[in-house]
Amino acid sequence: MYAVFFALKKPLFEFLYKFAALPKLALITCLLLVLFACKGEIPPLERKDHPLPQDAEVSEAEPGIYGGFLVTAESQQPRTFNPLVAEDAYSSQAIGRFLNGLTTYHPIKEEVVPELARSWEISSDRKSITLHLRRGVLWSDGEPFTAADVIFTFKALFDERYPNRYQGQYIIAGEPIGFEKVDRHTVRFTTARAYSPFLYVIGFIGILPRHKLIDAYEQGTLLQEWSVRTAMHEPGELVGTGPFRVHSFRPGQRIIYEPNPHYWRVDSKGQRLPYVDYLITRFVQDRNTSTVLFASGQIDAADIAPGDVVGVSRNAPLHGFTVHHRGPATGIRYLWFNQKPGVNEDGRPYVEPHKLEWFTNKYFRQAILHGFNREGLIQSVYFGRAELLHSIISPANQRWHNPEVPKFPYDPGRAIELLEGQGFEFREGGQLYDKHGNPVIFDVYASEGDDITPQIMSTFRENMRDLGIRVRVRYLDFGTLVARISRHFEYEAAMMGFTGGADPSGGRAIYLSSGRLHLWNPEQEEPQTEWEAKVDELVYASEETFDLEERVDYVHRMQEIFSEQLPLLYLLTPHAYAGLKDKWQNVHIPAMGSVIWNVDELYLDREL
Amino acid sequence: MLAFIIRRILSAFPLLFGISVLVFILMAVAPGDFLDVARSQEDIPAEYIERMEQEFALGEPWHTRYFIWVGNVVQGNLGESWIYRVPVTELLWQRIPATLVLSALSILFALCLAIPLGVLAAIYKDSIFDRISSMFAYAALSIPEFFLALLAVMFAAQTGLFPTGGLSSVEHEFMSFWGRLADYAHHLVLPTIVLGMGSVASYMRIMRANFLDYIRSDFVTTARAKGVPEGRIMFLHVLRNAINPLVSGSGFILATLLSGSILVENVMNYPGLGQLIFEALMRQDEFVVVAAVLMGCVMLMLGNLIADLLLAWSDPRIRLEKN
């Protein structure tokens with residue numbers, strides 16, 4: 001071995017000697033540059049003519065033409081393609097491209113619409129729902145879709161061997177939902193009590209192909225199926241009924257979807273959807289990158305942050321896109337006080353008793369919100385592209401948001417009045433003291449790593465100083481903050497944001513006094529205050545009625561209680577903006593959710 | 001020589017053991033854990049989180065998880081990523097080729113540029129060329145890599161000559177073999193330069209200093225007296241002597257390029273190990289983190305071993321067996 005090394009050595013140094021000829025390097029570079037010039041283009045997709053299913057759904061959208069590819073960008077890549085493993089929105093989104101649920105939420109109509117189930121009936125006792133499946137639907141590999149697939153999916157979901165996040169959604173009043181096959185195209189679900197969000201939540205889980213996964217299910221390896229490895233090496237194994245199937249997946253780079261040749265939606269001309277030849281999602285490191293990519297015309301759609309709207313719009317004529325205003329975002333941001341009574345394992349109270357007395361006093365909380373200049377914040381931080389939040393449900397959720405709740409605009413005079421009414425008094429130096437003579441001081445924990453939070457917190461601290469209250473702001477990393485508020489309960493106040501779903505049933509963990517995210521005092525055995533008991537009652541009532549108006553009414557009343565009691569001080573909600581290239585037709589931008597929610601209906605206008 | 005290699009490899013095991021213990025302790029001390037993201041989502045039920053805590057042994061002290069991990073390692077697997085539910089080795093292998101290509105290219109780039117430049121700077125000492133190259137070297141050394149990466153991305157975005165990031169373009173899957181190769185090459189230009197730039201400067205300085213030492217040696221005078229052409233003396237005889245420190249130093253290159261690439265890969269959106277490790281660290285995906293750290297150590301040790309072998313090869317005066 002050594003001899004070979006030595007034999008090689010001489011020529012190597014000879015080569016180095018001759019290497020002085022740098023011009024060669026320049027020549028090679030030039031050659032490479034010529035090669036770069038001949039870039040590839042995506043060839044049009046050849047579509048095979050498969051018969052349409054008997055129960056094909058005819059789209060209400062205007063018929064389009066085939067061709068083109070749509071490029072989007074996401075800041076994170078899917079971690080899995082297995083719905084039983086998926087925990088994050090990015091994986092769920094990728095899964096939703098090739099799997100369908102039984103029902104789905106239509107973001108424009110704001111109601112549950114059929115997907116794999118074409119219709120349903122609710123029994124007279126409202127505890128059993130019969131779903132009629134679409135007949136003639138085929139999986140993307142050509143196998144028929146039947147009730148057996150639905151039963152298989154729910155059996156896997158409730159299997160002890162496969163813990164997953166959906167199980168909890170389908171346990172109603174402490175009991176798992178029942179499911180049975182009625183015939184080849186009918187399934188019946190039963191719930192322990194009447195549960196009206198059922199049709200909404202039943203659509204969450206993508207129906208899995210039994211013929212593909214039954215072996216893994218029986219061997220107990222279902223959770224290992226359909227990982228990123230499958231998508232990389234055998235994308236054809238990811239069989240679904242959705243509009244697309246995976247063409248190729250490159251970790252850290254992109255995923256390319258191609259139309260599912262057996263998809264069950266058609267347009268009014270009888271053409272099978274989707275129109276696009278390829279749907280491409282690029283993975284970028286952060287949202288700023290996707291904004292830059294959109295502004296430079298390299299991707300077709302992107303969410304634009306309020307602060308970037310002006311800058312991005314400047315390029316609109318150059319690349320032919322429009323930045324659409326979507327109104328308030330679904331995310332809500334709030335600040336709250338720890339109201340947890342009792343002591344921790346070491347016998348120390350979670351919150352010092354005199355502070356707990358302030359925090360559990362609703363007038364104190366109202367005064368704080370009155371004293372916080374959120375209006376000023378909107379002007380200075382968001383340049384007016386945000387609005388005040390008054391309710392626990394964001395105004396983006398038009399169907400459920402209650403605009404008539406008690407509001408607490410910036411009014412320091414009123415704040416002082418409220419405080420003095422509760423026995424607080426100002427002493428030397430403008431410091432506020434409670435009736436027992438304790439100075440009003442508290443700590444607020446917030447998560448670091450977002451550029452808006454410090455601006456909000458410093459405004460809050462200044463505003464509180466005007467009320468004679470000393471606020472100390474502590475920044476923690478996200479994990480520590482979550483641990484503090486959900487496990488150790490060692491904090492006085494905290495600020496956080498949540499993104500809301502379409503149906504209020506998604507917020508149960510926050511609303512119910514027994515909820516895990518009932519942040520101010522979670523997982524109560526019995527509701528500890530009257531108003532929390534009332535909220536629990538309203539939440540259950542809203543879930544038991546199937547009458548939509550009645551449900552809305554219950555949810556409105558619940559919001560009124562929350563806004564009156566202010567366990568969470570709602571801060572503000574920024575406006576959402578979405579950029580989309582003008583060449584896409586059939587675009588309907590909903591108030592919440594993905595801009596390209598109807599990607600199967602989008603088609604390219606070649607003239608633009 | 002074989003004995004030397006075996007000895008070096010065996011001596012690596014206690015080190016790897018120590019490092020893995022350290023990683024587990026540090027991960028346990030760091031605030032929060034893998035499930036924090038799930039805990040903050042309103043629609044994930046508490047039962048599910050409890051199940052996951054049990055499955056990942058997250059409620060347990062760190063040594064429980066460490067023994068689980070050691071048990072796995074003894075059986076030849078490095079555990080499963082909690083995020084991806086895929087064996088860690090599989091996950092790393094998805095990313096290793098991209099990072100290796102980038103590292104190899106930037107080492108090559110650095111050496112190809114630094115050696116001739118260093119030699120020339122030494123030969124023409126104190127000339128205008130020497131001054132300019134020194135200035136360039138100090139400038140390149142003082143700019144941090146991530147900043148250079150940002151500049152490169154800006155340059156790419158402004159001129160449109162190069163892609164702004166990534167390893168391949170959107171059309172990649174639909175290209176011919178040569179088209180794909182050219183596409184990769186096009187994407188690699190900027191990251192290679194960014195990652196290699198710092199090394200160019202430092203190698204050049206080392207090369208220059210050593211070359212100056214040897215240029216005044218007696219054997220140079222002898223060779224000149226014998227009438228050997230000047231270029232041959234410089235590039236064959238002096239260079240061969242002067243290159244030793246560069247060779248022994250190259251052992252660290254592998255490791256430093258790997259750590260440098262974590263930042264550069266994240267800025268330039270390059271789908272290599274850096275991205276994966278960064279994500280695993282942020283989410284505290286323990287088995288991935290420990291595997292990545294161990295891999296970094298192995299790379300460092302391998303790099304040093306290779307460097308030692310190379311040194312023995314290029315300099316007959318060094319005999320490994322005797323150490």
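The values are calculated or read from the model by the stated rules, or taken from the named source; none is laboratory data. Just so it is clear, the structure is predicted and the values come from calculations on it, not from any experiment. When we count neighbours, we look across all protein chains shown, and the Cβ atoms used for this are built from the backbone with ideal geometry, even at glycine. Accessible surface areas use protein heavy atoms only, side chains included; no ligands, DNA or RNA. Shrake-Rupley method; radii C 1.70, N 1.55, O 1.52, S 1.80 Å.
Taking the numbered list (1) farther than 22 Å from B:Asn266 by Cβ; (2) open to solvent by 50 Å² or more (accessible area, probe 1.4 Å); (3) within 14 Å of another protein chain (Cβ to nearest Cβ) in turn, A:Pro317 passes all entries but (3).
The condition of being open to solvent by 10 Å² or more (accessible area, probe 1.4 Å), out of contact with any helix residue (DSSP H, G or I) (no Cβ under 9 Å at 6 or more places or on another chain) and within 25 Å of A:Glu237 (Cα to Cα) does not hold for A:Ala147. Being in a helix (DSSP H, G or I), modelled with pLDDT of 85 or more, under 30 Å from A:Ala73 (Cβ atoms) and within 14 Å of chain A (Cβ to nearest Cβ) is a property that B:Val194 lacks.
Would you confirm whether or not segment A:83-91 contains a residue that is more than 16 Å from A:Leu213 (Cα to Cα) and in contact with a Phe, Trp or Tyr (Cβ under 7 Å, 6 or more places away or on another chain)? No; the residues of segment A:83-91 include none that is more than 16 Å from A:Leu213 (Cα to Cα) and in contact with a Phe, Trp or Tyr (Cβ under 7 Å, 6 or more places away or on another chain).
The set of residues in segment A:142-171 that are within 12 Å of chain B (Cβ to nearest Cβ) and β-branched (Val, Ile, Thr) contains only A:Ile171. Screening segment B:171-191 for residues that are out of contact with any Leu (no Cβ under 7 Å at 6 or more places or on another chain) and buried (at least 20 other Cβ atoms within 10 Å of the Cβ) and picking the one that is nearest to the other protein chains (Cβ to nearest Cβ) gives B:His186. Among residues that are open to solvent by less than 10 Å² (accessible area, probe 1.4 Å), touching a Phe, Trp or Tyr at 6+ places or on another chain (Cβ under 7 Å) and more than 14 Å from every other protein chain (Cβ to nearest Cβ), A:Ala541 is not included.
Quickly run through segment B:296-320 and pick out the residues that are more than 13 Å from chain A (Cβ to nearest Cβ) and basic (Lys, Arg). Of everything in segment B:296-320, just one residue is more than 13 Å from chain A (Cβ to nearest Cβ) and basic (Lys, Arg), namely B:Arg317. Checking each residue in segment B:215-245 for being within 14 Å of another protein chain (Cβ to nearest Cβ) and surrounded by fewer than 21 Cβ atoms within 10 Å (Cβ to Cβ) picks out B:Ala223, B:Val228, B:Pro229, B:Glu230, B:Gly231, B:Arg232, B:Ile233, B:Leu236, B:His237, B:Arg240, B:Asn241, B:Asn244.
Scanning for something at pLDDT 85 or above, over 25 Å from the mean Cα position of the chain (by Cα), farther than 28 Å from A:Glu87 by Cα and part of a helix (DSSP H, G or I), does segment B:112-120 turn up at least one residue? Yes: one or more hits. Annotation for segment B:1-10: at least one member residue is open to solvent by less than 40 Å² (accessible area, probe 1.4 Å) and part of a helix (DSSP H, G or I). All of A:Leu369, A:Leu318 fail the test of being free of Cβ contacts under 8 Å to residues at least 40 places away in the same chain and not in a loop (DSSP other than H, G, I, E, B), apart from A:Leu318. Beta carbons closer than 6 Å, at least 6 apart along the sequence or on distinct chains, pair a first residue in segment B:3-20 that is of a type in the set (Val, Ile, Thr) with a second that is open to solvent by less than 70 Å² (accessible area, probe 1.4 Å) for B:Ile19/B:Cys297.
Name the residue that is nearest to A:Leu70 (Cα to Cα), counting only residues in segment B:140-170 that are facing chain A (nearest Cβ under 8 Å), outside any helix (DSSP H, G or I) and not β-branched (Val, Ile, Thr). Taking the candidates together, the pick is B:Ser169.
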